[in-house]
1. Using 7 Å Cα-to-Cβ label points, what is the E143/T107 separation (nm, one decimal)?
2. So how do 120-129, 59-68 stack up, highest first, on mean other-Cβ count within 10 Å?
3. So I have (i) 23, 19, 16; (ii) 27, 19, 14; (iii) 32, 20, 13, and one of them is semi-axes √(5λ) of the Cα gyration tensor in Å calculated from this model. Which one is it?
4. Is the stretch 16-103 best put as rounded, prolate or oblate by its Cα gyration tensor, with a ≥ b ≥ c the root eigenvalues, rounded for a/c under 1.5, and otherwise prolate when a/b is larger than b/c, oblate when not?
5. Please give the Cα centre distance for the stretch 92-126 versus the stretch 44-70, rounded to the nearest Å.
6. Hey, what number do you get for the chain at 222 nm if only DSSP H runs of n ≥ 4 count, each worth -39500 (n - 2.57), divided across all residues, to the nearest 500?
7. Net charge around A85, counting only other residues with Cβ within less than 13 Å of its Cβ (Lys, Arg = +1; Asp, Glu = -1)?
8. Taking Cα pairs under 8 Å and at least six residues apart, what relative contact order does the chain come out at, in percent?
Amino acid sequence: MPIAPRTILLVEDNADDEELTLRALARNNISNEVIVVRDGQEAVDWLEGCGTYSSRDPNDVPALILLDLKLPKLDGIEVLRRLRANPRTAIVPVVILTSSKEDRDRTSGYLSGANSYVQKPVDFTSFVDAVRQLGMYWLVLNEPPPGPNASPSSTRR
């Protein structure tokens, strides 16, 4: 399972939040390729290389998924469950990026396999800072899992 080290999958149905996220990434000099999908089913199709994305290699997984919860067709929790059930995407880092303040959403997110849960700040400056921190951690500091040819003994230090 090759991990495309530069790709971010943004799953966001709100055009304003999409634009805000893309501007925040650019403002923080996060120049990774960003693929935007606008509903839960489109996210699953993109990741599995089916439907509209049947020509895409599903073995090329993103380095990071930014996932909204309130999505049409399939909600974010269902998308997350499907990601975690698929061996190709089971370990891809997923950050829930949502406006929800609900404890049940946060709990469901973590129980379904989210790596992080970030509430979208209302203020643009705060949002830019939150995106900077996400980018710094998930794209720079975090070490992705070893490649598919690594044996358990070769990953020990």
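Values quoted throughout were computed directly from the atomic coordinates according to the rules given, and no laboratory measurement underlies them. Since the structure is predicted, the reported quantities are computational estimates derived from the model, not experimental observations. Backbone-built Cβ (ideal geometry, glycine too); neighbour counts: all protein chains shown.
1. Placing both labels 7 Å beyond Cα along the Cβ direction yields 3.5 nm.
2. Values: 120-129: 13.8, 59-68: 22.1.
The densest-packed peptide leads the list: 59-68, 120-129.
3. (i)
4. Working: a/c = 1.62, a/b = 1.20, b/c = 1.34.
Oblate, since a/c reaches 1.5 and b/c is not below a/b.
5. 20 Å
6. Numbers: 5 runs with 53 residues, N = 157.
My calculation for the chain gives -10000 deg cm²/dmol from helical runs alone.
7. On the way: positive: R81, R82, R84, R88; negative: E48, E78.
Surrounding charge for A85 is +2.
8. On the way: 235 pairs, mean separation 38.2, N = 157.
Normalised by residue count, the contact order of the chain is 24 percent.
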